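Right, one structure below, let's go through it.
The values are calculated or read from the model by the stated rules, or taken from the named source; none is laboratory data. Remember, predicted model here, so these are calculated numbers, not experimental data. Cβ placement follows ideal geometry from the backbone for every residue including glycine, while neighbour counts extend to all protein chains displayed.
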Amino acid sequence: MARIAKLMCIMVLVTLMMTARGEAGQTVLFDTGHGERFMVGEKGPLQLSGLADVIQNAGAEIATVKVPLSEASLAGADALVISGAFQPLTQDEIVAVIRFMQRGGKLAIMLHIAPPLGPLLDRFGITYTNGVIQEHENIIENQPQDFRVNRFGSHQVLEGISNFSLYGAWGLMCYDDRSRSIASTSPKAWVDLRRDKVQTKDETASFSVVCAGDVGKGSFLVFGDDAIFQNKFLDAGNKALAASLAKWLKSGTKAKLTSSAVSI
């Protein structure tokens, strides 16, 4: 009987330790399994260690996932960040990400090259331009592809933000009510669709650079640029946006491994 009682005490202690660890804080998971080259654990100018510091200073834990995205690999995470993916998600991974959000998870996507994430973006009613945006307003150092954005819609991640900077952004288009534009260029911006370096009226528009939407209990943000949070470009505006993003990511709900079916 003494041995059984001792064993039960040990089991209770282990359970309490696991519960405490699971509830210790919010976890933001960074995908590293789709050819990403800019990492939260690296210190170089194009890496994401500065963003990691901002998220950790906000009280969240940072983790990475290199294995395929699945219900199991996303379990325990409150938010998922896919920044600079060079390889597409499989259909099974897309389903897992959708289910992750339906249960309350947050998803942030930053595009380096847009086509690999096209199938996932399509699930959110988002498509993208076939080239990067060139601006005529708020240009940085005479580079039309580098510019500041100050035209915002309503979203908590933009509250208190006066502007942020982009460095080679894809234009985003929200083509149905699954998503909405929350930040955009001036109406003078253009994309060189014909690759002839001549701006025409049909290439000129106000392009979305950040889209947002909800999936079940969770939600997503899509940024048309991944340089926005790289160490080299974390100026005052981008760092303020990173801090706001960290707060938003923390509001996700921790995913739990479950066998229950979820419609998608």
Exercise for the section: Take the residues in the stretch 68-97 that are in contact with a strand residue (DSSP E or B) (Cβ under 6 Å, 6 or more places away or on another chain), among the aliphatic types (A, V, I, L, M) and touching a residue at least 60 places away in the same chain (Cβ under 8 Å), then tell me which one is surrounded by the fewest Cβ atoms within 10 Å (Cβ to Cβ). Expected result: Ala77
Exercise for the section: Would you kindly identify the strands (runs of 3 or more DSSP E) lying entirely within the stretch 120-177 that contain at least 1 residues that are over 17 Å from Ala205 (Cα atoms) and without any contact (Cβ under 8 Å) to a residue 60 or more places away in the chain? Expected result: 143-149
Handout entry: Count of residues meeting criterion [over 18 Å from the mean Cα position of the chain (by Cα) and more than 18 Å from Thr129 (Cβ to Cβ)] in the stretch 199-237
Key = 3
Problem - Complete set of residues in the stretch 243-254 that are among the hydrophobic types (A, V, I, L, M, F, W, C) and either crowded, with 23+ Cβ neighbours inside 10 Å or free of Cβ contacts under 8 Å to residues at least 40 places away in the same chain (or both) - result: Leu245, Ala246, Leu249
Problem - Residues (touching a helix residue (DSSP H, G or I) at 6+ places or on another chain (Cβ under 9 Å) and at pLDDT 95 or above) located in the stretch 13-32 - result: Val28, Leu29, Phe30
Completion exercise
Taking the stretch 186-216 and keeping only residues that are surrounded by 13 or more Cβ atoms within 10 Å (Cβ to Cβ) and over 21 Å from Gln143 (Cβ atoms), one is left with Cys211, Ala212, Gly213, Asp214, Val215, Gly216
Exercise for the section: Would you check which residues across the stretch 183-194 are without any contact (Cβ under 8 Å) to a residue 40 or more places away in the chain, more than 23 Å from Pro116 (Cα to Cα) and hydrophobic (A, V, I, L, M, F, W, C) and list them? Expected result: none
Exercise for the section: From the list Ser179, Ser251, pick out the single residue that is closer than 27 Å to Gln102 by Cβ, touching a Phe, Trp or Tyr at 6+ places or on another chain (Cβ under 6 Å) and of a type outside the set (A, V, I, L, M). Expected result: Ser179
Exercise for the section: Would you check if there is a residue in the stretch 195-215 being in contact with a helix residue (DSSP H, G or I) (Cβ under 7 Å, 6 or more places away or on another chain) and in contact (Cβ under 8 Å) with a residue 40 or more places away in the chain? Expected result: yes
Practice task
Select from the stretch 217-242 the residues that are in contact (Cβ under 8 Å) with a residue 60 or more places away in the chain and of a type in the set (Gly, Ala, Ser) and write down the one among them that is surrounded by the most Cβ atoms within 10 Å (Cβ to Cβ).
Solution key: Gly224
